[in-house]
Amino acid sequence: MSDKFEVKGSPIHGNGVFAKKRFRRNAFVGVYEGELTTENDTYVLWVEYDDGEVIGIDGRNELRCLNHSSTPNAEFRGDRLFALREIRPGTEITFHYGEDWADAKNPVPARSTPLPRAPRAARGAV
């Protein structure tokens with residue numbers, strides 16, 4: 001359980017992630033934790049690297065409950081979540097699932113911002 005955010009009922013959809021503390025613009029919020037996967041599932045975040053490689057993380061912590069917004073207050077940079085603007089306590093933390101997601105009847109999986117390739121020794125379970 002995090003001292004930064006909590007999961008509770010959301011007016012957007014089901015459960016959501018809500019700030020327990022204030023986050024300033026560009027502040028680190030948390031890490032999307034889980035096992036690496038190549039299969040899509042409900043809580044998989046797809047991390048894309050500059051070289052085009054894509055790795056899935058099957059979410060196991062509270063951040064798996066983040067909801068989509070077309071005007072998000074946070075964004076993933078790889079598996080790390082950062083505030084796009086100030087987020088006050090009690091505010092739902094949201095991110096944009098991707099350009100193909102918003103209007104699709106069968107949405108594509110969520111993706112993070114592309115990252116430079118990490119050295120092979122730095123890869124593994126998140």
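The values are calculated or read from the model by the stated rules, or taken from the named source; none is laboratory data. All of these numbers come straight from a predicted model, not from anything done at the bench. Methodologically, a virtual Cβ is constructed for each residue, glycine included, from the backbone with ideal geometry; neighbour enumeration extends over all protein chains shown.
Couple of notes before you dig in:
- Any hit, segment 92-110, residues being at pLDDT below 90 and outside any loop (DSSP other than H, G, I, E, B): yes
- Summed over segment 2-26, residues that are small (Gly, Ala, Ser), out of contact with any Lys or Arg (no Cβ under 7 Å at 6 or more places or on another chain) and more than 24 Å from Gly56 (Cα to Cα) total 2.
- Test: residue in segment 33-41 that is within 21 Å of His96 (Cβ to Cβ), within 13 Å of the chain's Cα centre (by Cα) and not aliphatic (A, V, I, L, M): yes
- Residue in segment 1-32 that is surrounded by the most Cβ atoms within 10 Å (Cβ to Cβ), counting only those that are under 15 Å from the mean Cα position of the chain (by Cα) and aliphatic (A, V, I, L, M): Val17
- Any chance Phe76 is touching a Ser or Thr at 6+ places or on another chain (Cβ under 7 Å), in a strand (DSSP E or B) and modelled with pLDDT of 90 or more: yes
- Unique residue being in contact with a Pro (Cβ under 7 Å, 6 or more places away or on another chain), modelled with pLDDT of 95 or more and over 18 Å from Glu75 (Cβ atoms) when the list is Lys21, Lys8: Lys21
- Any pair with Cβ under 9 angstrom, 6 or more apart, that starts in segment 6-17 at a residue that is within 16 Å of Tyr97 (Cα to Cα) and assigned to a loop (DSSP other than H, G, I, E, B) and ends at one that is among the acidic types (Asp, Glu) and at pLDDT 95 or above: Ile12/Glu92
- Pair list, Cβ < 9 Å and 6+ apart or interchain, from segment 53-66 residues that are in contact (Cβ under 8 Å) with a residue 12 or more places away in the chain to residues that are part of a helix (DSSP H, G or I) and of a type outside the set (Gly, Ala, Ser): Asp58/Arg64; Gly59/Cys65
- Within segment 69-98, the set of residues being hydroxyl-bearing (Ser, Thr, Tyr) and either under 18 Å from Val44 (Cβ atoms) or in contact with a strand residue (DSSP E or B) (Cβ under 6 Å, 6 or more places away or on another chain) (or both) comprises Ser69, Thr91, Thr94, Tyr97.
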